[in-house]
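A short write-up of the structure that comes next.
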Amino acid sequence: MLLSLMAFVLALGIVELTLPKFSAFVGKDLMPERNIYHLVAVPGLVALVGLFAGSYPAFFLSGFEPVTVLKGHLKTGAKGARLRKGLVVFQFAMSILLIIGTVMIYRQLNYIQNRSLGFDKEQMIRMPILRADRLRKTDRNTILVHKSQTVKQAFLAHPNVLSATAYRSRIGEQGGAARTVKLENGDTYEMLFQESDETFLDTFGIDLIAGRNISDTRFEPNGTQFDLLINEAAVKQLGWSQPLGKQLRYGAKTGGTVIGVIKNYHSKSLHQELKPLIIVNKSMLLNHITVKVQSKNMPETLAFLEKTWKEFLPDRPFEFQFVDESLNQLYAEDQKAGQLVGTFAGLAILVACLGLFGLAAYTAEQRTKEIGVRKVLGASTRSIVFLLSKEFAKLILIANLIAWPVAYFAINTYLQSFAYRVDLAWWVFALGGITTLFIAWATVGYQAIRAALSNPIEALRYE
């Protein structure tokens, strides 16, 4: 109970120091309100831990026969040894599981960050030209939807602005609105729609692999027929060998002609599979302007963009976001999960090593006479260290056999949330096992070497 109380005081101090930072990390207020519940629960927890931890040695000691103890014939038996070893196996199995999880999460995050999305995301600045709350028609003078071409030309006046485009859905995030398209033969398909202007492909570096791009002279804001670009996935879904010139309808009177085919790009996050996409030159639905800029003189470039923005919308604040930073936010939860798993892996290894250190010290003490006899008979220090270490290596092997199937199931479930993911490599499992084995050897090694270097005369006099 005393040890439990000391641990509680230490834990309370750690919580007070780390909880504010942890709350900021997870983005939630985790600071508890002090109330009567804590006055009962906290002392109860301290008492429960103390009773639980002390119950085993208490019952174990109370079962001793006084006569046997006084004669010095006390034996601990195999039951206690199995329990101690079982706890070590459990601790290291958890450590191995967390190590494998940490490595796989970071591999997946690295894969996401380095996978080609099919479009340029670096040095791209996005600005909203339509409020998220969809202003009424009477407020059209406070939005830039109808001035997107003029605003683009104003931005391009700065030498650091290389290109500009206006479009509807945030590329790589929202993807586009899902609509049903209808072919001339009556077949229907669901596809994503992205409305954009004629510079969308060039600004984002999306490859046009057949046909031609849409043109600003083809814009028909009040019309019903539009130029359409479709991606490779749409061509595959529609089963067209010659898509150019084909007609598509996606409304009672609305439709268009396919004038080009673009290379696939990830319109949504990598959690979702790449889907068929149609780009239409419908200028009435453009929500964002994105400019591609040079990396030099970034503060000056941003100041110019803000000044130009204020010329068109003096009453609205200048809002902008870098596209690459916005895309990274899609995987912020995965990054936090990786850091949390890594932290808990370190804590689990520390706790496992403490348990293993205690067990190694206990084992070395129990075999003091044996070690002394072996040294007198000529056993080397290396052989004694190996003798004491190999038993713990067996425990680590058992821990691996337990942890690997659980890790395979857990990591495979995690990876299923990504449409595009890394392979579940065998070497990650081997890495977890080898890492814990070296940690165990380092932990046991101190006690083993200490026992091997002890004076055999003192060992033979033991007890």
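Can you tell me how many residues within the range 363-374 are surrounded by 14 or more Cβ atoms within 10 Å (Cβ to Cβ) and under 48 Å from the mean Cα position of the chain (by Cα)?
The qualifying residues number 3.
Can you pull out the residues in the range 179-208 that are surrounded by 14 or more Cβ atoms within 10 Å (Cβ to Cβ), part of a strand (DSSP E or B) and acidic (Asp, Glu)? If you could, list the steps in order and put the result at the bottom.
Step one: filter the range 179-208 for residues surrounded by 14 or more Cβ atoms within 10 Å (Cβ to Cβ), giving 179, 181-183, 189, 191-206, 208.
Adding the requirement that they be part of a strand (DSSP E or B) leaves 179, 181-182, 189, 191-196, 208.
Matches in the range 179-208: Glu195 only.
Take the range 411-446 and flag every residue that is within 21 Å of the chain's Cα centre (by Cα) and surrounded by 15 or more Cβ atoms within 10 Å (Cβ to Cβ). Give the steps one after another, and end with the answer.
Within the range 411-446, the subset within 21 Å of the chain's Cα centre (by Cα) is 411-429, 431-432.
Answer for the range 411-446, where residues must be within 21 Å of the chain's Cα centre (by Cα) and surrounded by 15 or more Cβ atoms within 10 Å (Cβ to Cβ): Ile411, Tyr414, Leu415, Phe418, Tyr420, Arg421, Val422, Leu424, Val428, Phe429, Leu431, Gly432.
For the range 226-273, enumerate the residues that are in a helix (DSSP H, G or I) and within 17 Å of Glu184 (Cβ to Cβ).
If we filter the range 226-273 for residues that are in a helix (DSSP H, G or I), which is where we start, we get 232-238.
Scanning the range 226-273 gives Ala234, Val235, Gln237, Leu238.
If you go through the range 352-362 one residue at a time, do you hit one that is more than 35 Å from the chain's Cα centre (by Cα), of a type in the set (Phe, Trp, Tyr), assigned to a helix (DSSP H, G or I) and closer than 23 Å to Met94 by Cβ?
There is at least one residue in the range 352-362 that is more than 35 Å from the chain's Cα centre (by Cα), of a type in the set (Phe, Trp, Tyr), assigned to a helix (DSSP H, G or I) and closer than 23 Å to Met94 by Cβ.
Of everything in the range 154-190, what is modelled with pLDDT under 85 and either polar (S, T, N, Q) or touching a His at 6+ places or on another chain (Cβ under 7 Å) (or both)? Give them in sequence order.
Gln174, Asn185
Would you check if there is a residue in the range 413-434 being in contact (Cβ under 8 Å) with a residue 12 or more places away in the chain, in a helix (DSSP H, G or I) and in contact with a Ser or Thr (Cβ under 6 Å, 6 or more places away or on another chain)?
Checked the range 413-434: no residue is in contact (Cβ under 8 Å) with a residue 12 or more places away in the chain, in a helix (DSSP H, G or I) and in contact with a Ser or Thr (Cβ under 6 Å, 6 or more places away or on another chain).
What number of residues in the range 247-278 are free of Cβ contacts under 8 Å to residues at least 40 places away in the same chain and either in contact with a helix residue (DSSP H, G or I) (Cβ under 9 Å, 6 or more places away or on another chain) or not small (Gly, Ala, Ser) (or both)?
Residues meeting the conditions: 3.
A quick yes/no check of all residues on (1) surrounded by 14 or more Cβ atoms within 10 Å (Cβ to Cβ); (2) not aliphatic (A, V, I, L, M):
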| position | (1), (2) |
| --- | --- |
| Leu238 | yes, no |
| Leu244 | yes, no |
| Gly251 | no, yes |
| Gly255 | yes, yes |
| His271 | yes, yes |
| Phe320 | yes, yes |
| Glu325 | no, yes |
| Asn328 | yes, yes |
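Please identify the pairs in which a residue from the range 1-25 that is more than 21 Å from Asp334 (Cα to Cα) has its Cβ atom under 6 Å from the Cβ atom of a residue that is surrounded by 11 or more Cβ atoms within 10 Å (Cβ to Cβ), counting only partners at least 6 apart or on another chain.
Close Cβ pairs (under 6 Å, with a partner that is surrounded by 11 or more Cβ atoms within 10 Å (Cβ to Cβ)) amount to Met1/Gly50; Ser4/Val46; Ser4/Val49; Ser4/Gly50; Leu5/Val46; Phe8/Val46.
Report yes if some residue within the range 274-293 is exposed (fewer than 15 other Cβ atoms within 10 Å of the Cβ), part of a loop (DSSP other than H, G, I, E, B) and on the phi < 0 side of the Ramachandran plot; otherwise report no. Reasoning before the result, please.
Of the residues in the range 274-293, the ones exposed (fewer than 15 other Cβ atoms within 10 Å of the Cβ) are 284.
Next, only the ones that are part of a loop (DSSP other than H, G, I, E, B) stay: none.
Within the range 274-293 (the criterion being exposed (fewer than 15 other Cβ atoms within 10 Å of the Cβ), part of a loop (DSSP other than H, G, I, E, B) and on the phi < 0 side of the Ramachandran plot), the answer is no, since none of the residues qualifies.
The values are calculated or read from the model by the stated rules, or taken from the named source; none is laboratory data. Since the model is a prediction, treat every value here as computed from it, not as a measurement. Here Cβ is always computed from backbone atoms with ideal geometry, including for glycine, and neighbour counts include all displayed protein chains.
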